[in-house]
1. Which residue out of 162, 177 is within 26 Å of residue 21 (Cα to Cα) and buried (at least 21 other Cβ atoms within 10 Å of the Cβ)?
2. Going by the structure shown, is residue 89 closer than 30 Å to residue 307 by Cα and modelled with pLDDT of 95 or more?
3. Quick one: residue 96 ticks every box in (1) assigned by TED's automatic domain parsing to the domain that holds residue 287; (2) at pLDDT 95 or above; (3) surrounded by 23 or more Cβ atoms within 10 Å (Cβ to Cβ) except a single one, so which number is it?
4. All but one of (1) under 30 Å from residue 316 (Cα atoms); (2) over 21 Å from the mean Cα position of the chain (by Cα) hold for residue 348; state the number of the condition that does not hold.
5. Considering only the range 1-34, state which residues are in contact with a helix residue (DSSP H, G or I) (Cβ under 9 Å, 6 or more places away or on another chain) and closer than 21 Å to residue 66 by Cβ.
6. What are the pairs with Cβ atoms under 7 angstrom where one residue, in the range 249-278, is in the same structural domain as residue 126 (by TED's automatic domain parsing) and the other, located anywhere, is exposed (fewer than 15 other Cβ atoms within 10 Å of the Cβ) and assigned to a strand (DSSP E or B)? Sequence gap at least six, or different chains.
7. Here is a list: 441, 421. Which entry is within 25 Å of residue 238 (Cα to Cα) and either assigned by TED's automatic domain parsing to the domain that holds residue 301 or touching a residue at least 24 places away in the same chain (Cβ under 8 Å) (or both)?
């Protein structure tokens, strides 16, 4: 309600930009308004809060209302927290199906449509932006659609946006895939599992990312994107999302069960999640590392390159034309020859190259070693939190440059990492968190 007729007149309604876009009507359109009735499916949420297992129809009703924006953020949070407390395997499958059913689905002419996904939790682990051009250069269809970051300092869509437009309409996305075999785009624009994007908006500030929600989110997006085969990277480490081998096996089985019932072939790969991958954490720094690998620069991060080539090899092994186990050698060849770089440059040009050259934030603070010794461990969760406090991923230029990794030797006063930010507030928040504990253990 306003008291200034210059802002809004009598019998006029002012909408926030998000609500205006969602309504999809032109300015000046005459509308009627009425009090919204509470969604009937809220009764099922209350039953879930009480610890009951819900049926397929009940979960489907909840997800339809979530996707239709009939729930407040508070009600969505209640649903997410209730599911975090208790969710059966059958409920996870029902949630995945419901999330696919309420959204758009892409269809491709190729019988083999591949993808690669990482569950996240490891800063700098931007392997998809290397895997996809390798796979595209080989000739496989790989429509890589990604969500925005949930709990990390950057997601694939956030990092790719540094280089090219990721907000692509469906017609443009399918045309790029038809011409270049692959795309690296944000899935939210084309309505793939739209309920997932609504849930993510609430999960992000809560830093909530349960196994069941993760499985439903990832599998629903891949099925909706038309993928037939998926390589899934699950990093395991003391400060990763998955911290023990037993939890990794449990998650793998849940992924395999849901994927099988959704008609998706999945290959799960356990990887080392003991420390961040690459040197950069945050969209701009991660994009820099990715391009260094694709350009075969001599000082490109070796761990990022090796990790990406290994995963690309697993994806290429899906190709019936490649002899068993030869995918890795083929991936290495495509990267070393420059074919992967050429594929990436074509994809960037097709999506629309970013006109503004982004660089790390102009404000910086160096976090230094308190004493001499060897770097024994790096806390992935801590590093991610520091980068987010600096402003990543919303501020593309915010993040961290890691100057030393596990096994490196330092002297007292040596710089462990440099925090970059675009605002003094972001830099202060990140610096204060790092001063409480830098996330480095020095033996």
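1. On inspection, the qualifying residue turns out to be 162.
2. Here the answer is no, as residue 89 does not meet what is asked.
3. (1)
4. Against the list (1) under 30 Å from residue 316 (Cα atoms); (2) over 21 Å from the mean Cα position of the chain (by Cα), residue 348 comes up short only on (2).
5. 15
6. Short answer, once both residue conditions are applied: none.
7. 441
Residue-by-condition table, conditions (1) closer than 29 Å to residue 170 by Cα; (2) touching a residue at least 12 places away in the same chain (Cβ under 8 Å):
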site: 283; (1), (2): yes, yes
site: 292; (1), (2): no, no
site: 301; (1), (2): no, yes
site: 316; (1), (2): yes, yes
site: 333; (1), (2): no, no
site: 341; (1), (2): yes, yes
site: 364; (1), (2): no, yes
site: 382; (1), (2): no, yes
site: 385; (1), (2): no, yes
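The values are calculated or read from the model by the stated rules, or taken from the named source; none is laboratory data. Computed from a predicted structure; not experimentally measured. Positions of Cβ are backbone-derived with ideal geometry, glycine not excepted, and every protein chain shown enters the neighbour counts.
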